[in-house]
Every structure is written in structure tokens, then in C-alpha cells.
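The values are calculated or read from the model by the stated rules, or taken from the named source; none is laboratory data. Computed from a predicted model, the values in this text were never measured in an experiment. Cβ placement follows ideal geometry from the backbone for every residue including glycine, while neighbour counts extend to all protein chains displayed. We work out accessible area using only protein heavy atoms, side chains counted, and drop any ligands, DNA or RNA first. Shrake-Rupley method; radii C 1.70, N 1.55, O 1.52, S 1.80 Å.
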Amino acid sequence: MRTITILAGTLVTAAAMGQTSPISVQIDDTPFTSSVAPAQVDGRVLVPMRGIFEAMGARVDYDQAGGTVVASKGEHTTQL
């Protein structure tokens, strides 16, 4: 089983003190980087799911008419 770890605890504490700290994302203990940086918005951490899915070997499709994203790998499918 693959794991995704998002380390943002220091961001919340630093933000409360008026400081910012980068959000780090790891996939199976390997740092993940993307051209789209993770961000904290309204107390939530947003991450680039397309990049994460693709890094895990999944195919990602966007259905513009339905406004949904489908990530598939083997027999597994995730729809957002």
C-alpha cells in the first residue's frame, strides 16, 4: 500500500504567529515536488492531486461537461 504524507502542522503554528512555512508532501517517504505548490486556504491544505495521482502511476482524466476528475490505476478508480 502506498502512503501520502502531508506535513503542514508547522504551517498552522507559524501562520498564527504571522510567519509562513512551506508545506511538504511525501509519497512513500519520498519528497514530492510539483509545478503547482501546496497552499493553505481558509484553514485547509490544498495539494496538486493530478501530480500526486500521476506520481503514483495513475491515469488522470477530466470530464469538463460533468466537472469531475477520474484517476485510475489498474482496478482502482477515484472520482472527485
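Filter the range 17-26 down to residues that are open to solvent by 40 Å² or more (accessible area, probe 1.4 Å) and part of a loop (DSSP other than H, G, I, E, B) and give me whichever is modelled with the lowest pLDDT.
So, considering only residues that are open to solvent by 40 Å² or more (accessible area, probe 1.4 Å) and part of a loop (DSSP other than H, G, I, E, B), the one modelled with the lowest pLDDT is MET17.
Considering each residue of the range 47-80, count those that are of a type outside the set (Val, Ile, Thr) and touching a residue at least 24 places away in the same chain (Cβ under 8 Å), and give that number.
Residues in the range 47-80 being of a type outside the set (Val, Ile, Thr) and touching a residue at least 24 places away in the same chain (Cβ under 8 Å): 5 in total.
Considering ALA14, ALA71, ALA58, which residue is modelled with pLDDT under 85 and touching a Ser or Thr at 6+ places or on another chain (Cβ under 7 Å)?
Checking each option against the conditions leaves just ALA14.
In this structure, does VAL45 turn out to be touching an Asp or Glu at 6+ places or on another chain (Cβ under 6 Å) and either of a type outside the set (D, E, K, R) or surrounded by 15 or more Cβ atoms within 10 Å (Cβ to Cβ) (or both)?
No: the conditions fail for VAL45.
In the range 31-77, what residues are under 10 Å from the mean Cα position of the chain (by Cα) and not in a loop (DSSP other than H, G, I, E, B)?
Correct list: PHE32, ALA39, VAL45, LEU46, MET49, ARG50, GLY51, ILE52, PHE53.
Within the group THR78, THR68, which residue is loosely packed, with under 15 Cβ neighbours inside 10 Å, over 24 Å from GLN26 (Cβ atoms), in contact with a strand residue (DSSP E or B) (Cβ under 7 Å, 6 or more places away or on another chain) and among the polar types (S, T, N, Q)?
Unique residue meeting the criteria: THR68.
What's the number of the only condition in (1) open to solvent by 50 Å² or more (accessible area, probe 1.4 Å); (2) at pLDDT 85 or above that ASP29 fails to meet?
ASP29 satisfies every listed condition except (2).
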